[in-house]
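Notes to accompany the following structure.
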Amino acid sequence: MLPYPDINPVGFHIGPLPVHWYGLLEIISFFIGTLWLIRRGRLPHWEWTKEQVFDLEFYLAIGAIAGGRIGYVIWYDLPYYLGHPVQILKVWDGGMSFHGGLLGVMLGCFAYARQHGRSTMATLDFVAPAAPIGLGLGRLANFINDQLFGRVSHLPWAIIFPAGGPQPRQPSQLYEFLLEGVMLLLILGIYSRKPRPTGAVGSLFVLGYGIFRFLVEYTRQPDIQLGFVMGPLDMGQILSVPMILAGPALLWWAYRGGFETAPPAASGRAQPSPSVPGGGGRP
Amino acid sequence: MTAAASPKPPARQARRFVLVTVILAVIYGVWAATLSFCIVVHQQAVRQHLWLALRERPRGAFPDTRTALHAASKWVSLLNAVYPTEPCQPGPAFRLVHTRHDATWAPAQACTVIIAVRHRHIVVHAYDTQGRRMDNVFERLYPPPRRL
């Protein structure tokens with residue numbers, strides 16, 4: 001059994017203002033992700049300017065926060081929020097869903113692409129490899145915050161989390177950091193170094209995240225208001241199943257060139273295709 | 001697996017693929033939300049039953065197992081009179097298990113609080129909506145707010 005490191009959730013103070021590790025790590029991940037996207041955007045098969053990356057991030061931030069919150073409300077605690085609708089707006093009280101955030105980001109990419117004359121799937125491909133940075137650091141922040149811990153376990157590396165009672169528990173946040181953060185970052189980083197068919201990188205993200213999340217959930221304590229929802233499966237797994245099923249289908253469709261459609265005419269400039277040679281061009 | 005291996009699908013087929021994917025995702029999302037709603041409502045009731053049983057449980061060792069079982073039986077009858085509805089299925093919400101050794105022998109039954117006697121003590125545990133044993137400590141740390 002390992003001791004819980006008991007890191008103070010407040011990293012430091014700026015005057016009277018406490019700066020929490022959670023917020024700090026989110027800002028760091030946003031900063032690193034932005035730098036990476038700017039660098040990635042300079043590659044000849046992407047051609048995104050710094051300003052375009054900043055524009056896109058505005059859409060992504062709105063999509064992730066709104067989608068994450070709405071997803072949590074409808075999939076994790078709807079009876080409560082129906083009775084207390086004002087609480088939905090109190091995002092700072094906690095309660096975000098990755099799956100909702102993913103849908104929000106997809107809608108954000110769709111909105112940005114429509115407005116700037118780009119392909120939605122190509123935009124998703126562009127941002128997908130940077131997503132594990134935020135996901136991984138977010139899981140580290142969960143660990144520091146003593147939240148979303150694992151199930152009771154007597155493995156040698158189990159930890160007694162102060163908020164989880166006296167029993168040792170799986171450090172599931174660290175598993176998630178390694179799989180959804182480090183591993184997914186490596187997979188997508190390596191895969192996206194070469195030009196791929198439109199939609200392939202985003203589809204691989206969907207598949208990879210779905211598999212990793214589904215597996216890690218077996219070690220994670222389910223949300224207390226829900227518990228298990230279908231036999232041994234919890235809500236995180238239920239929502240990951242369609243990702244595991246859709247991932248291969250989307251990859252197959254991407255390699256068939258199914259996402260190589262012309263973007264709708266709009267005010268912005270069309271994006272050059274990142275397609276494989278001979279993979280069917282896009283304007 | 002390259003795009004050159006098969007012809008690129010026509011635009012109409014591509015649109016249909018996207019449409020079908022979106023429709024399936026929406027149907028699945030609605031189903032998951034409905035499932036979640038039902039589970040939260042049931043789980044809330046079981047958690048309240050468990051919380052109440054843990055809080056009101058007669059404590060301390062009884063002189064012998066027979067006395068403990070008698071006290072447990074009376075207590076279960078009282079609980080079932082106050083909370084007559086089992087959240088998931090017809091039947092009592094609290095059940096007494098006549099086991100002299102280990103309450104973990106009790107058969108799993110969804111949404112039920114099991115009360116048993118172990119070593120002359122009255123012990124309590126509960127099964128969630130899926131018939132999985134709930135973590136008493138975790139439940140005690142986070143008692144359900146009366147919010148529904």
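The values are calculated or read from the model by the stated rules, or taken from the named source; none is laboratory data. What you see is a predicted model; the values in this text were computed from it and never measured. Because the Cβ atoms are built from the backbone with ideal geometry, glycine has one as well, and the counts that use them run over all protein chains shown.
Scanning the range A:167-191 for residues that are crowded, with 22+ Cβ neighbours inside 10 Å and among the small types (G, A, S) turns up A:S172, A:G181. The residue pairs whose first member lies in the range B:11-32 and is farther than 16 Å from A:S97 by Cβ, whose second member is surrounded by 13 or more Cβ atoms within 10 Å (Cβ to Cβ) and among the β-branched types (V, I, T), and whose beta carbons are closer than 7 Å, counting only pairs six or more residues apart or on different chains, are B:A11/A:T261; B:A14/A:T261. Identify, please: which residue in the range A:141-152 is in a loop (DSSP other than H, G, I, E, B) and surrounded by fewer than 22 Cβ atoms within 10 Å (Cβ to Cβ) and is, among those, farthest from the other protein chains (Cβ to nearest Cβ)? Looking at residues that are in a loop (DSSP other than H, G, I, E, B) and surrounded by fewer than 22 Cβ atoms within 10 Å (Cβ to Cβ), I get A:N145.
Of the candidates A:E47, A:E57, the single residue that is of a type in the set (D, E), surrounded by 12 or more Cβ atoms within 10 Å (Cβ to Cβ) and touching a Pro at 6+ places or on another chain (Cβ under 7 Å) is A:E47.
Taken together, the residues in the range A:70-113 that are more than 11 Å from chain B (Cβ to nearest Cβ), over 27 Å from A:G199 (Cβ atoms) and over 18 Å from the mean Cα position of the chain (by Cα) amount to 7.
Results for (1) within 11 Å of chain A (Cβ to nearest Cβ); (2) modelled with pLDDT of 90 or more; (3) surrounded by 12 or more Cβ atoms within 10 Å (Cβ to Cβ), shown as yes or no for each residue.
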| site | (1), (2), (3) |
| --- | --- |
| B:K8 | yes, no, yes |
| B:I27 | yes, yes, no |
| B:C38 | yes, yes, yes |
| B:R55 | no, no, no |
| B:P63 | no, yes, no |
| B:S77 | no, yes, yes |
| B:A81 | no, yes, no |
| B:Q89 | no, no, no |
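For the range A:159-166, the count of residues that are more than 14 Å from chain B (Cβ to nearest Cβ) and either crowded, with 22+ Cβ neighbours inside 10 Å or of a type outside the set (K, R) (or both) is nonzero. Restricting attention to the range A:196-211, the residues that are under 22 Å from A:P44 (Cβ atoms) and polar (S, T, N, Q) add up to 1.
Pairs meeting the criteria (first residue in the range A:179-201 and basic (K, R), second residue in a helix (DSSP H, G or I), beta carbons under 9 Å, at least 6 apart or on different chains) are A:R196/A:D125; A:R196/A:L204; A:R196/A:A254; A:R196/A:Y255. Can you go through A:L155, A:L215 and tell me which one is surrounded by fewer than 17 Cβ atoms within 10 Å (Cβ to Cβ), under 30 Å from A:P248 (Cβ atoms) and free of Cβ contacts under 8 Å to residues at least 40 places away in the same chain? When all the criteria are applied, what remains is A:L215. In the range A:13-21, the count of residues that are over 30 Å from B:W31 (Cα atoms), modelled with pLDDT under 95 and assigned to a loop (DSSP other than H, G, I, E, B) is one or more.
Filtered by the rule that a residue be in contact with a Ser or Thr (Cβ under 9 Å, 6 or more places away or on another chain) and part of a loop (DSSP other than H, G, I, E, B), the range A:55-103 gives a lone residue, A:D77. Counting only residues that are closer than 18 Å to A:L204 by Cα and among the charged types (D, E, K, R), the range A:215-260 holds 2 of them.
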